[in-house]
Amino acid sequence: VQLQACGGGLVPAGGSLRLSCAGSGRTLSSYAMGWFRQAPGKEREFVARINWSGSSTYYADSVKGRFTISRDNAKNTVYLQMNSLQPEDTAVYYCAVVARGGSIYRTDNYDYWGQGTLVTVSS
């Protein structure tokens, strides 16, 4: 599976962006998917996760109520709608396939990481 994340950019605080993660090489419909982010000088952190059908989602406390993860299996794509963006949301955002059970917050439970897309929120 190859994952391509896009949709990042520069937005002012309070703005919105929608990130997309398109899969190729294999259908994503069988997999739960996750979004992570990594700010400069910090470790990669969990943002959101969605199950294979889209019926179940999980969010980091820091984004709950502002971000929404969704998927369109017909388009082999997972999305992250980000509203009310704040400067602390500035990071490179990555999508990945859930590869193993265990904590949804651990990066080593995910595989096939996309290349990431940069989100910069100005104050």
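The values are calculated or read from the model by the stated rules, or taken from the named source; none is laboratory data. Computed from a predicted model, the values in this text were never measured in an experiment. FYI the Cβ positions are ideal-geometry reconstructions off the backbone, even for glycines, and counts take in every protein chain you see. When the accessible area is computed, the model is the full protein with side chains, heavy atoms only, and any ligands, DNA or RNA have been set aside. Shrake-Rupley method; radii C 1.70, N 1.55, O 1.52, S 1.80 Å.
Assorted remarks:
- Charge tally in the Cβ shell below 14 Å around GLY34, where Lys, Arg are +1 and Asp, Glu are -1, GLY34 excluded: +3
- Other residues with beta-carbon under 9 Å from the beta-carbon of TYR79 carry, at +1 per Lys or Arg and -1 per Asp or Glu, a net charge of +1.
- For the chain, the residue among MET82, ALA48, GLY101 whose Cα projects farthest onto the positive side of the dipole built from Cβ charges is GLY101.
- Distance in nm between pseudo-label sites at GLN2 and ARG100 (7 Å out along the Cβ direction from Cα): 2.6 nm
- Note on ALA39 and ASP72: with the Förster distance fixed at 25 Å, the Cβ-Cβ geometry gives a FRET efficiency of about 0.35.
- Protein accessible area in the chain, 1.4 Å probe - carbon and sulfur %: 48 percent
- Cα-based radius of gyration of the chain once divided by 2.2 N^0.38 Å, which approximates compact folds: 0.97
- When only Cα pairs below 8 angstrom with a gap of at least 6 residues are kept, the chain shows a relative contact order of 35 percent.
- Calculated accessible area for region 8-123 comes out at 49 Å² per residue, all protein chains present (probe 1.4 Å; ligands, DNA, RNA ignored).
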